[in-house]
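First the structure, in the form of structure tokens, and then the observations on it.
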Amino acid sequence: MVSQHVYDLCQAKETVSSVLANDPRQTPGNAIKKLYGHHEHGLHHQISAKEDTEKSEDAIEAALQCGRWGPTTPSPLFLQAFADSLQCLNEDPMAGVVSPPLMGSHGTMPLTVIAPLADVMRHCSNLIVRAEKEVFFITCSWAPSVAQALIKDSLIELSNRAGKTGRRVVAKIMYDKPGPCNAINPHQFVKPKSYTSKTIDLPSPEEIPNVDLEVVSLHRIFLGTLHAKFCVVDRKIAAVMSNNTEDNDNLEMMVHVEGPIVDSIYDTALITCCYDAQSCRVYLYGRIQLLIVILLFKNHQGLLYLSYP
């Protein structure tokens, strides 16, 4: 069942993204506190007896109204599953790692890829070099590899294209590499000397003169690893994938989505990557940003094949 508390959260007009758009001085963390700080985490909003005995049809209708489905109407089975997921918001409005009004949305899926890892990453690299405003690239495991080389070369190509049109690109790269400082603040800035080393192998500032590159190490002690893997380009296109940025023999999967659903994925990217970073510069500020979240594990080498349309 969908409680009145959750229903009200989903009907709200403001989201983390909209707060940042209205006030660029805010950070996603501050926006979350502004919107949901008065909701105590861990506080159970119990479903009333009336809500608990709600008819199935009424529960499905409530779930329907908690999403932004556009001209479509999800199936009853989907809405039942969506209603179950909404119950997590009773304890924490940010349990979905997205603003509640954006938790349910719609869009189009013009492309699905089931292929070796390198082919999936090649599609992402082509999206990056075509970016006009900003790019988020989030992955779990990162290691020098064909996949890593594709991303590195796409950054260099993006810088070249930006230079030809007189643009500057703000690049935010984030990975999970635990260190003592992460116990104080999960977000730790990394110096060029470290992120250009062989274990990471990202381009140096001299290689990308039209990109303002910023690298951050993100790790939350004792809470596991970041497992999200997706890419958002210009807040218009998103690619959600199964693979890490490394070399392996797996057959991976990716879906390319467009439409309003991208706003939800974009909101998640802001919350995950720039939670308390004062220098979180995004397209909301009128500049281009490239954000890569990576997790270091292994060290692989491989050949590189690029295809930039």
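The values are calculated or read from the model by the stated rules, or taken from the named source; none is laboratory data. Please read all numbers here as calculations on a predicted model, not as lab measurements. All Cβ positions, glycine included, derive from the backbone under ideal geometry; neighbour counts span all protein chains shown.
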- Message: Just to verify a result, which residue in segment 183-207, among those that are loosely packed, with under 14 Cβ neighbours inside 10 Å and of a type in the set (A, V, I, L, M), is farthest from V146 (Cα to Cα)?
- Response: I184
- Message: Just to be sure I understand, how many residues within segment 97-116 are within 15 Å of F230 (Cβ to Cβ) and of a type outside the set (S, T, Y)?
- Response: 7
- Message: For the condition at pLDDT below 70 and buried (at least 20 other Cβ atoms within 10 Å of the Cβ), what is the one hit in V232, V293?
- Response: V293
- Query: Any residue at all in segment 15-25 that is more than 19 Å from C274 (Cβ to Cβ) and either buried (at least 16 other Cβ atoms within 10 Å of the Cβ) or modelled with pLDDT of 90 or more (or both)?
  - Reply: no
- Query: Is at least one residue of segment 113-120 farther than 30 Å from I151 by Cα, out of contact with any strand residue (DSSP E or B) (no Cβ under 7 Å at 6 or more places or on another chain) and in contact (Cβ under 8 Å) with a residue 40 or more places away in the chain?
  - Reply: no
